[in-house]
Amino acid sequence: MAGLDNNTGLDDDVSSESPLVHQDTSYSDNTGQHNEDIDNNKANLNDNTAPTSMLEILGWCLYAWASEPFIVSCVGTYVPIILEQIARDNGVQSGDKISPCKGSRGDPGDGNMPLPPPMMNNTSSALASAPNDASCVLSIFNGKLYIDTSSYALYTFSFSVLIQTICVIAMSGAADRGSYRKTFLILFGIFGALTTMCYWFVRPDGYYAASVLAIVANSAYGCVNVCGNSFLSVLVNNSRDIRTLRNIPSTEDDENTEEDQLTLSTVNTRVGELSSKISGAGAASGYVAALIVQVGTMLMLMAIRNKADGKVSVMGPVKVVIGFVGLWWLLFQIPICAFLKSRASPDLDLSYISHPVRQEYSIVQYQLAVLKYKLRVVKVYVEQGFLTLVDAFHQASKLRDITCFLLGWFVLSDSLTTINSAAILFAKSELGMNTIQLSRISILAMISAVVGSGFIPGYIQTNFGIDIKSMLLVIILWSSVIPLYGILGFFFDTIGLHHAGEMYILAIWYGFSLGGVATISRSMYSMLIPIGQESVFFALFSITDKGSSVLGPFLVGLVIDATHEIRYCFGVLLGLLMLSIPIFWYGVEVDRGVKEAATLSASRAAKVATNGR
């Protein structure tokens with residue numbers, strides 16, 4: 001990354017007055033150092049006041065382009081496969097806790113890569129007659145506990161949500177201060193990418209290592225996502241169009257219009273439209289990248305399988321494609337560095353922490369003192385993250401619209417996420433669809449999501465003049481067709497998910513709604529956030545999103561255990577979707593929420609001006 005320093009390096013993006021990169025001038029003979037610091041401060045000021053450019057929007061879209069394949073390909077497809085397989089390879093049958101599991105490396109007859117031969121007409125019967133390997137267990141903590149190998153990935157990702165939440169809270173305080181938002185976006189992206197690439201080195205018996213890598217990489221992605229999402233409102237508020245509407249003069253030679261002040265509702269409508277378009281562009285770029293990587297990795301797996309005549313273990317090829325996704329994530333940090341501006345915010349007042357003076361220490365002692373100083377600064381910022389989040393919870397409780405939005409999002413995100421997993425489970429167990437068919441479903445959903453993320457805000461919302469809240473409600477109703485169609489299977493034999501072909505149609509339907517929800521919800525939430533607290537409030541958004549991922553699968557699991565019929569879970573999912581509608585309809589009023597956020601921002605700015613915190 002050193003080669004980027006002159007133009008786009010991270011050092012240029014961090015304010016020269018930031019305590020983490022404090023430059024000690026007390027012993028410097030360079031008389032121009034002070035002037036250089038002033039120039040750097042001016043550069044940061046220009047970054048903050050310059051209108052949003054298309055190149056900057058491109059840089060923001062590239063964060064999703066770089067990281068989204070990790071969620072779709074790794075978390076959604078390959079990491080669960082490798083976690084289940086490595087658990088099976090090291091597991092035993094629950095009956096005697098000695099015999100190797102079916103399909104493990106100790107059972108060579110079943111150890112081939114899970115890419116089936118060309119589709120056959122009798123896949124349903126073949127699946128029905130396959131042996132049930134659910135009784136395979138993995139010993140952990142030196143035999144003190146045995147868990148089902150199929151649950152190993154679920155426990156791993158559940159724990160990763162907890163760690164991710166802690167990391168997001170810890171960094172959110174710094175992400176809204178100084179230039180750290182962009183710095184963290186890139187550093188966590190690099191860290192997550194390198195962690196993902198470490199799957200290349202996982203040993204066949206390294207099931208702990210595989211889990212740790214999944215937890216760390218997923219946590220890094222969560223931090224990247226919070227930092228990236230928090231840029232959205234900054235980009236919108238600094239756009240030339242919105243500045244003109246609000247009569248905010250630009251730093252460039254823009255002529256101030258003499259038009260009458262527009263009403264708040266009109267301005268907010270335009271903000272919502274622009275926010276939806278930018279958000280849609282980011283979501284679409286992520287889905288396109290995920291589609292490219294998903295297709296590419298599937299072709300890589302098929303090529304490896306064909307080259308080995310189908311006789312190849314699961315671990316090797318899957319490790320290759322997971323590492324490839326990490327490499328993709330890493331390489332695209334370079335253009336993000338180049339195109340995305342820092343948009344720095346005021347630093348914390350840390351004048352009470354004195355920087356060590358060079359003359360008072362030996363060389364080694366001075367380096368240790370500087371390290372201690374920086375650790376104290378990090379400690380303050382981490383504490384500030386937790387304190388700010390607690391304060392954000394307190395403030396959000398006063399902001400009715402933010403509170404109701406987060407409650408509605410908890411229910412909506414939970415149901416949409418669970419629809420995907422429930423549909424895949426239903427397709428595999430009830431319709432007998434094989435891995436290639438399920439991969440095709442995933443690809444169709446991604447293509448449709450790309451279309452939905454661009455078409456809904458770019459055409460439907462704009463041309464039909466639909467306000468952002470109504471657009472979200474329309475998408476929820478659209479999404480509810482999926483579980484409703486599954487319920488029809490109780491009453492009809494010809495429709496209602498009785499045939500594999502129906503899954504392809506529902507995949508397109510689901511993808512379109514998923515792309516729309518990702519775009520509109522993020523855009524709507526960004527309008528309700530107080531300026532200057534984007535990272536903290538998007539941390540709340542992320543915590544709500546991730547926390548909800550526990551409830552839906554748990555409820556669906558209870559229903560399946562009680563009824564032994566997956567189709568009943570569609571009733572639960574339909575109920576959750578319907579529950580979110582009155583929450584958004586009666587609880588969220590966008591114009592009121594924008595006013596409350598502006599009032600809170602002004603109050604917070606006055607507080608910061610008074611005490612520096």
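The values are calculated or read from the model by the stated rules, or taken from the named source; none is laboratory data. As the structure is a computational prediction, the values presented were derived from the model and not from experiment. Counting neighbours? That spans all protein chains shown, and the Cβs are built from the backbone with ideal geometry, glycine included.
Does the stretch 305-314 include one or more residues that are surrounded by 22 or more Cβ atoms within 10 Å (Cβ to Cβ) and modelled with pLDDT under 80? Show your work before the answer.
Restricting attention to the stretch 305-314, the residues satisfying the condition of being surrounded by 22 or more Cβ atoms within 10 Å (Cβ to Cβ) are 314.
Narrowing the set further to residues that are modelled with pLDDT under 80 leaves 314.
Yes, the stretch 305-314 contains a residue that is surrounded by 22 or more Cβ atoms within 10 Å (Cβ to Cβ) and modelled with pLDDT under 80.
Every residue, every condition in (1) crowded, with 16+ Cβ neighbours inside 10 Å; (2) at pLDDT below 85; (3) under 21 Å from the mean Cα position of the chain (by Cα), yes or no:
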{"residue": "GLY496", "(1), (2), (3)": "yes, yes, no"}
{"residue": "LEU506", "(1), (2), (3)": "yes, no, no"}
{"residue": "MET524", "(1), (2), (3)": "yes, no, yes"}
{"residue": "PHE537", "(1), (2), (3)": "yes, yes, yes"}
{"residue": "PRO553", "(1), (2), (3)": "yes, yes, yes"}
{"residue": "GLY575", "(1), (2), (3)": "no, no, no"}
{"residue": "MET578", "(1), (2), (3)": "yes, no, no"}
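Any idea which of (1) modelled with pLDDT of 80 or more; (2) small (Gly, Ala, Ser); (3) at positive phi is the one GLY323 doesn't satisfy?
(3)
Considering each of ILE81, ILE98, ILE86, ILE71 in turn, give the residue that is more than 24 Å from TYR221 (Cα to Cα) and either of a type in the set (A, V, I, L, M, F, W, C) or in a strand (DSSP E or B) (or both). Spell out the reasoning first.
On the way: ILE81 fails: more than 24 Å from TYR221 (Cα to Cα); ILE86 fails: more than 24 Å from TYR221 (Cα to Cα); ILE71 fails: more than 24 Å from TYR221 (Cα to Cα).
Selected residue: ILE98, the only one of ILE81, ILE98, ILE86, ILE71 that is more than 24 Å from TYR221 (Cα to Cα) and either of a type in the set (A, V, I, L, M, F, W, C) or in a strand (DSSP E or B) (or both).
Does GLY59 satisfy the criteria of being under 29 Å from the mean Cα position of the chain (by Cα), small (Gly, Ala, Ser), surrounded by 15 or more Cβ atoms within 10 Å (Cβ to Cβ) and modelled with pLDDT of 80 or more? Explain how you work it out, then say what you get.
Working: under 29 Å from the mean Cα position of the chain (by Cα): yes; small (Gly, Ala, Ser): yes; surrounded by 15 or more Cβ atoms within 10 Å (Cβ to Cβ): yes; modelled with pLDDT of 80 or more: yes.
Answer is yes for this residue.
Taking the stretch 588-613 on its own, how many of its residues are at pLDDT 85 or above and of a type outside the set (A, V, I, L, M)?
Within the stretch 588-613, residues that are at pLDDT 85 or above and of a type outside the set (A, V, I, L, M) number 2.
What are the residues in the stretch 571-602 that are assigned to a helix (DSSP H, G or I) and among the charged types (D, E, K, R), if any?
Residues of the stretch 571-602 assigned to a helix (DSSP H, G or I): 571-587, 590-602.
ASP591, ARG592, LYS595, GLU596, listed by residue number.
Of (1) at pLDDT below 80; (2) touching a Pro at 6+ places or on another chain (Cβ under 9 Å), MET471 satisfies all except one. Which?
Result: MET471 fails condition (1) only.
Assess whether PHE492 counts as being in the same structural domain as GLY408 (by TED's automatic domain parsing) and assigned to a loop (DSSP other than H, G, I, E, B).
Criteria met by PHE492.
For the stretch 441-469, name all the residues that are β-branched (Val, Ile, Thr) and part of a helix (DSSP H, G or I). Spell out the reasoning first.
Let us first name the residues in the stretch 441-469 that are β-branched (Val, Ile, Thr), namely 441, 443, 447, 450-451, 456, 460, 462, 466, 468.
Result: ILE441, ILE443, ILE447, VAL450, VAL451, ILE456, ILE460, THR462, ILE468.
Could you please find all residues in the stretch 383-409 being aliphatic (A, V, I, L, M) and modelled with pLDDT under 75?
Passing the criteria: LEU389, ALA392, ALA396.
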